[in-house]
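Beneath this line is the structure, given in structure tokens, with notes to follow.
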Amino acid sequence: MACIEARGLRKTYGATVALDGIDLTVGEGRILGLIGPNGAGKTTALNAILGLTPCEGELSVLGRDPWAQRDRLMEEVAFIADVAVLPRWIRVSQALDYVQGVHPRFDRDAAEAFLDRTSIQRGRRVRELSKGMVAQLHLALVMAIDARLLVLDEPTLGLDILYRKAFYDTLLSDFFDGDRTIVVSTHEVDEIQHILTDVVFLGRGRIVLAATVEELEARFVELAVRPEQLPAARALEPIHERQVFDRSFLIYEGARRDDLAKLGELRSPGLADLFVAKLAPAPGARRAA
Amino acid sequence: MSASTQAPEAPARHPVRPFYWSVRRELWENRAIYLAPLAVAGVIVLAFLYASHGLAREVRIASGLLVAPPTPLAAGKAAAAAAKMTPAARAGFALVVPYLASGFAMMATAAAVGVFYALGSLYGERRDRTVLFWKSLPVSDLTTVLSKAVVPLAILPAVAIVSAGALHLILLAWSALVLTASGLSPGLLLDHAPVGTIWVMFAYAVASLALWWAPITGWLMLVSAWAKRMTFLWAVTPPLAICLFERLAFGTDYAWRFLHQRLAGGLQDAFAPTPHGRGGELSLSLIRPLQFLADPALWGGLAFAAACLAACAWLRRRRDPI
């Protein structure tokens, strides 16, 4: 059974179309990166999955209709919206008590063990913790929930690089076990690239690209060329081009690698560059030399 | 509550009590629920300690052990009313006042806390976006709304009743010390100030008012679930606007009288009328619970409150963070 199954998901706010007919299937055990510019509909899509907003179309998460059964669904789904939503007045110990008191699949010992590895004291209030510690606390609460689906919407917003890295490392080592599903949306595309199995690019409420990471690697290739090879490289119709010092980096979709390899070095494109290539095709990419 | 009926591959699940913990959560967040009555009680105790030097004299006068010299009466209504009493009755009444006043203060404090609590109950969580955290847990909107409603409907009244009782005991204990030191029996005080009776009547009045005012609680919570800003204005302005409209358009004041009856009329049916007027008589025989419960206005109000809470749950499901 697919973890998330969406057909023709559509959501409008007045005249604004936030989601414009999305079809999406996320299997169990996948780690999906939901990537898109501001206003692309990422948060709306995640909110629909979490049962926080009603939508047109069909949507099933773990076999349930999220909008109709949000409270039941949350027994199996954990989510972190962003670092700011833990109540500032709550004490660490109270947060543990509360989640344990209402969540049947919360493992208090696991959360305590996680917190023991941090410098967070149980008697502290959230308002007394640093941003990074608040994220650690939230992560400790979520990690200790035996959830089948974890949804992360910009979970590391405002955190420095060390915390961001630790956050995703923990996610992989402590939460992901191959059966659980993770959906993560973030602007820090390159930082999560290595943990993803699937990628969905959203633009203006539509899916621009949906593929597994293996498919991406097979379909897209990045070529690094010196200026003398640039005209030849451009002739092969790259979808994106950027220049770093004296070298140009061109991204190709479905191109023959043999032809490209003669012009320069080949490698897999970074998600951020691919994202820019698919969502905002640079005018220079198609310009004739 | 939401103890699962199905058992999927039975991973570690432990029993949960979402309602209980949600109420605890409210008490953690809103410490004014008990700190405000505590602060007011502290002020009352201090004032009573300060004033207790005259206690023995009052007890002697009230008990006929001392004939009060005629004292020049202070101007004002209270003095005029007191002038109709004998000096002994006046002294006896003075002995009762601290117990009535402490009850009234506890009730007023609880009511004030309740108004602000209800107005913020479903507004604050949207404003600070914590609603996203609460909604990430398996607690239904209805459970959450009920856990918040139980604070003004049950917890604050209980706090008022218990804190008034505690205050009464503290005042009594101090009085007993003062009287014993003056060579008087503490029992004399109880002859004039039947503290136990006062407390039971007070508890009954508070419970009645909590029910009578339930529709107001429901309305305030509804506004807090709905408004995007200025909850107080949204709560107060529409009812007043209706009254004003009726006055200007039809020249009548039914809405105003209806509101006034709801705000001030709660205890009319709860107690039997006394010939002496307010505070004239303290007796459990005045309590009329059946008459109170038979009032259709009470049940109409409770139905309105229930509808408001249902609407709160409906709104909480749909409202986005502000």
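The values are calculated or read from the model by the stated rules, or taken from the named source; none is laboratory data. Please read these numbers as outputs of a predicted model, since none were measured by experiment. In this analysis, Cβ positions are derived from the backbone assuming ideal geometry, glycine residues included, and neighbour counts consider all displayed protein chains.
Do you know which residues across segment A:133-164 are of a type outside the set (A, V, I, L, M) and out of contact with any Asp or Glu (no Cβ under 7 Å at 6 or more places or on another chain)?
Those that are of a type outside the set (A, V, I, L, M) and out of contact with any Asp or Glu (no Cβ under 7 Å at 6 or more places or on another chain): A:Q136, A:H138, A:G158, A:D160, A:Y163.
Tell me, yes or no, whether segment B:207-216 has at least one residue that is part of a helix (DSSP H, G or I) and within 30 Å of B:A176 (Cα to Cα).
Scanning segment B:207-216 turns up at least one residue that is part of a helix (DSSP H, G or I) and within 30 Å of B:A176 (Cα to Cα).
For B:F232, are the conditions met, namely being in contact (Cβ under 8 Å) with a residue 60 or more places away in the chain, in contact with a Pro (Cβ under 7 Å, 6 or more places away or on another chain) and farther than 30 Å from A:T44 by Cβ?
So B:F232 does not fit the description; no.
I want to confirm something. Restricting to segment B:155-177 and keeping residues that are surrounded by 19 or more Cβ atoms within 10 Å (Cβ to Cβ) and aliphatic (A, V, I, L, M), which single residue is nearest to B:L95 (Cα to Cα)?
Of everything passing the filter in segment B:155-177, B:L171 is nearest to B:L95 (Cα to Cα).
Give the residue that is surrounded by the fewest Cβ atoms within 10 Å (Cβ to Cβ), with candidates limited to residues of segment A:121-146 that are of a type in the set (A, V, I, L, M, F, W, C) and either touching a residue at least 60 places away in the same chain (Cβ under 8 Å) or in contact with a Lys or Arg (Cβ under 6 Å, 6 or more places away or on another chain) (or both).
Step by step, filter segment A:121-146, then rank; the result is A:V126.
Within segment B:27-42, track down each residue that is touching a residue at least 60 places away in the same chain (Cβ under 8 Å) and more than 13 Å from every other protein chain (Cβ to nearest Cβ).
Once the filter is applied, which keeps residues that are touching a residue at least 60 places away in the same chain (Cβ under 8 Å) and more than 13 Å from every other protein chain (Cβ to nearest Cβ), segment B:27-42 yields B:I33, B:Y34, B:A36, B:P37, B:L38, B:V40, B:A41.
Can you tell me which of (1) surrounded by fewer than 16 Cβ atoms within 10 Å (Cβ to Cβ); (2) in contact with a Ser or Thr (Cβ under 8 Å, 6 or more places away or on another chain); (3) closer than 30 Å to B:L132 by Cα is the one B:I322 doesn't meet?
For B:I322, the exception is condition (2).
If the requirement is being more than 17 Å from B:A154 (Cα to Cα), at pLDDT below 95 and surrounded by fewer than 16 Cβ atoms within 10 Å (Cβ to Cβ), which of these qualifies: B:A56, B:A47?
Residue meeting the stated conditions: B:A47.
Checking the structure you have, find out if any residue of segment A:52-70 is surrounded by fewer than 23 Cβ atoms within 10 Å (Cβ to Cβ), part of a helix (DSSP H, G or I) and touching a helix residue (DSSP H, G or I) at 6+ places or on another chain (Cβ under 8 Å).
Taking every residue of segment A:52-70 in turn, at least one turns out to be surrounded by fewer than 23 Cβ atoms within 10 Å (Cβ to Cβ), part of a helix (DSSP H, G or I) and touching a helix residue (DSSP H, G or I) at 6+ places or on another chain (Cβ under 8 Å).
Per-residue answers, yes or no, for (1) over 23 Å from the mean Cα position of the chain (by Cα); (2) at pLDDT 90 or above:
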| position | (1), (2) |
| --- | --- |
| B:A210 | no, yes |
| B:F245 | yes, yes |
| B:F250 | yes, yes |
| B:P275 | yes, no |
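Could you check segment B:1-19 and list, in sequence order, the residues that are in contact with a helix residue (DSSP H, G or I) (Cβ under 7 Å, 6 or more places away or on another chain), at the interface with another protein chain (Cβ under 7 Å from one of its Cβ atoms) and at pLDDT 85 or above?
B:V16, B:R17, B:P18
Go through segment A:195-230 and count every residue that is loosely packed, with under 15 Cβ neighbours inside 10 Å and either of a type in the set (D, E) or on the phi > 0 side of the Ramachandran plot (or both).
Of the residues in that region, 4 qualify.
Six or more apart or on different chains, Cβ atoms under 6 Å: show the pairs whose first residue is in segment A:45-74 and more than 10 Å from chain B (Cβ to nearest Cβ) and whose second is of a type in the set (D, E) and part of a strand (DSSP E or B).
Hits for this filter: A:L46/A:D153; A:S60/A:E5.
Of all the residues that make up segment A:243-261, how many are surrounded by fewer than 19 Cβ atoms within 10 Å (Cβ to Cβ) and either touching a residue at least 40 places away in the same chain (Cβ under 8 Å) or in a strand (DSSP E or B) (or both)?
Number satisfying all stated conditions: 4.
Name the helices (runs of 4 or more DSSP H) wholly within segment A:147-239 that hold at least 1 residues that are touching a residue at least 24 places away in the same chain (Cβ under 8 Å) and within 27 Å of A:E28 (Cβ to Cβ)?
Counting at least 1 such residues, we get A:161-170, A:189-192, A:213-219.
Return the residue satisfying two criteria in turn: it lies in segment B:95-142 and is of a type in the set (V, I, T) and at pLDDT 95 or above, and of such residues it is farthest from A:V142 (Cα to Cα).
B:T109
Between residues in segment B:290-302 that are under 12 Å from B:R262 (Cα atoms) and residues that are of a type in the set (G, A, S) and not in a helix (DSSP H, G or I), which pairs lie under 9 Å by C-beta distance while being six or more apart or on different chains?
Qualifying pairs under 9 Å: B:A297/B:G265; B:L298/B:G266.
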